[in-house]
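The values are calculated or read from the model by the stated rules, or taken from the named source; none is laboratory data. A quick note: this is a predicted structure, and the numbers were derived from the prediction, not measured. Cβ placement follows ideal geometry from the backbone for every residue including glycine, while neighbour counts extend to all protein chains displayed.
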Amino acid sequence: MEPPTADRPARHLVVIPAFNEEKALPRTLEALRVLPAEFDVLIVNDGSADRTGEVAEAVGRVGNGRVRVVHLPVNGGIGVAVQTGYQFAASRGGYGYVVQCDADGQHDPGLIPELVAECRRRDLDLCVGSRFLGTDGDRSTRLRRVGIRVFVALIGRLSGVRLTDPTSGFRCAGPRAWRRFARSYPEDYPEPESLFWCARNRLRVGEFPVRMHARAGGVSSIRSWRTAYYMAKVTLAILIDRLRRQER
Amino acid sequence: MNAETLMLLGGAAAFAVTLYWVRSRELSERHALAWVVVASLLFLCGLFPQSLTTLAEASHLSYPAAVLFIALGAVYLFAFSVSVAITRVHRRTIRLMQQLALLEERVRELEGGPAAERDHHAPE
């Protein structure tokens, strides 16, 4: 891959995983117009059954080449979709930071440049947008907050890194993190697990206060009947990752 | 060695095997959860053998241990190998699907999609 140079400054990639988000996607993409010119946008249509792909393509055509669309032929899950974005960055080259931002309007794309600036200023490998460091905004349901606290305690105990919002899907990854994610990334509910991997393998992780909105459309991939599976799977994954050798 | 000890050892071994395979990434956490449950049940049967007898009497099975060992042993070996195989196949399928999607995007671009237009007729 071509490394960024003085004449060719690093571009950044915003990855938008989208599964059945035809209703929310146009507004999210409209909000992405405020991004400075060094940002490219990649929409990963995760095998949607609705018109997400067409909507994304239509926006991509007027996006002056800055908006690309990748269609996964079948639904792979959030982790697979986001990893496809990291693989896109790795295969194209020239990207500095890769930002993950949800298609459903929960995350404010206007904050992306600040997230990247924070990552660069503190020399972080992974900077997570935390809804709990800010003063207002949507703080999710009570049940999910309990789950989040469990992960905070688990990750803190096993890696020594204290964070407030390990399940946040609004995050900025530096090259050391996203190159590894392009090779290996959890398939479902990837956020706490990948965060733990970074913390444990001595990558620099940090948080940045963000305001989150309630979902604009679609259905969250974490529904109440799946919460038990979600908690058990992520806990097991983190505990077992602790048993693996450190990679760096 | 009596049946209780055997179940205790079997449960512990099942637990160790599950952890070992997940640790080496040959078995996914998703498929391992059920096996952790099986291992725990076996272990508990060894700890509280009376529960098995109570169950056997309640369901009118006169020779519970034989049924348990033969059935469980066979099912365990077979089904575990299936879980491992599924994990491996699944990972390959995902990687192929991602490559396919990225290549398809590249082809569209080279055939004159939005990105190609930008490169050839850059307005400013």
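Residues being part of a strand (DSSP E or B) and touching a Lys or Arg at 6+ places or on another chain (Cβ under 9 Å) are entirely absent from the stretch A:138-145.
Any idea which of A:VAL15, A:VAL34 is modelled with pLDDT of 95 or more and not aromatic (Phe, Trp, Tyr)? Walk me through how you get there before you give the answer.
On the way: A:VAL34 fails: modelled with pLDDT of 95 or more.
Every option except A:VAL15 fails the conditions.
Residues that are of a type in the set (Val, Ile, Thr), at the interface with another protein chain (Cβ under 9 Å from one of its Cβ atoms) and not in a helix (DSSP H, G or I) are absent from the stretch A:94-105.
For A:ALA90, indicate whether it is outside any loop (DSSP other than H, G, I, E, B), in contact (Cβ under 8 Å) with a residue 12 or more places away in the chain, surrounded by fewer than 21 Cβ atoms within 10 Å (Cβ to Cβ) and within 14 Å of chain B (Cβ to nearest Cβ). Spelling it out, A:ALA90 is indeed outside any loop (DSSP other than H, G, I, E, B), in contact (Cβ under 8 Å) with a residue 12 or more places away in the chain, surrounded by fewer than 21 Cβ atoms within 10 Å (Cβ to Cβ) and within 14 Å of chain B (Cβ to nearest Cβ).
None of A:ARG61, A:ARG8 is modelled with pLDDT under 90 and assigned to a helix (DSSP H, G or I) except A:ARG61.
Does A:LEU158 satisfy the condition of being more than 22 Å from A:ARG131 (Cα to Cα) and either of a type in the set (A, V, I, L, M, F, W, C) or crowded, with 20+ Cβ neighbours inside 10 Å (or both)? Spelling it out, A:LEU158 is indeed more than 22 Å from A:ARG131 (Cα to Cα) and either of a type in the set (A, V, I, L, M, F, W, C) or crowded, with 20+ Cβ neighbours inside 10 Å (or both). Once the stretch A:54-74 is narrowed to residues that are surrounded by 21 or more Cβ atoms within 10 Å (Cβ to Cβ), under 17 Å from B:ALA101 (Cβ atoms) and not aliphatic (A, V, I, L, M), the residue that is nearest to the chain's Cα centre (by Cα) is A:ARG68. For first residues located in the stretch A:233-248 and under 15 Å from B:HIS31 (Cα atoms), partners that are of a type in the set (Phe, Trp, Tyr) and surrounded by 14 or more Cβ atoms within 10 Å (Cβ to Cβ) and lie 6+ apart or on another chain with Cβ distances below 6 Å form the pairs A:VAL234/A:TYR189. Here B:ARG30 does not qualify as under 30 Å from A:GLN83 (Cα atoms), under 26 Å from the mean Cα position of the chain (by Cα), within 14 Å of another protein chain (Cβ to nearest Cβ) and at pLDDT 85 or above.
Only one of the numbered conditions (1) loosely packed, with under 14 Cβ neighbours inside 10 Å; (2) closer than 30 Å to A:PRO73 by Cβ; (3) charged (D, E, K, R) is violated by B:GLU57, and that is (2). Can you work out which of the residues in the stretch A:54-82 that are touching a residue at least 60 places away in the same chain (Cβ under 8 Å) and within 7 Å of chain B (Cβ to nearest Cβ) is nearest to A:PRO17 (Cα to Cα)? Out of the qualifying residues, it is A:VAL80.
Condition check: away from chain B (no Cβ under 14 Å) and surrounded by fewer than 16 Cβ atoms within 10 Å (Cβ to Cβ). Does A:THR141 satisfy that? So A:THR141 fits the description; yes.
Scan the stretch B:1-26 for residues that are over 16 Å from B:LEU44 (Cβ atoms) and either modelled with pLDDT of 90 or more or surrounded by 13 or more Cβ atoms within 10 Å (Cβ to Cβ) (or both) and the total you get is 10.
Conditions tested, residue by residue: (1) in a loop (DSSP other than H, G, I, E, B); (2) surrounded by 15 or more Cβ atoms within 10 Å (Cβ to Cβ); (3) modelled with pLDDT of 95 or more; (4) small (Gly, Ala, Ser).
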{"position": "A:SER168", "(1), (2), (3), (4)": "yes, yes, no, yes"}
{"position": "A:LEU195", "(1), (2), (3), (4)": "no, yes, yes, no"}
{"position": "A:GLY217", "(1), (2), (3), (4)": "yes, yes, no, yes"}
{"position": "A:ILE240", "(1), (2), (3), (4)": "no, yes, no, no"}
{"position": "A:ARG245", "(1), (2), (3), (4)": "yes, no, no, no"}
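Note on the stretch A:93-131: residues that are free of Cβ contacts under 8 Å to residues at least 12 places away in the same chain and of a type outside the set (A, V, I, L, M) amount to 1.
For the stretch B:33-69, how many residues meet the condition of being under 16 Å from the mean Cα position of the chain (by Cα) and more than 24 Å from A:MET231 (Cβ to Cβ)?
Filtering the stretch B:33-69 for residues under 16 Å from the mean Cα position of the chain (by Cα) gives B:33-40.
Within this subset, residues satisfying the condition of being more than 24 Å from A:MET231 (Cβ to Cβ) are none.
Result for the stretch B:33-69: 0.
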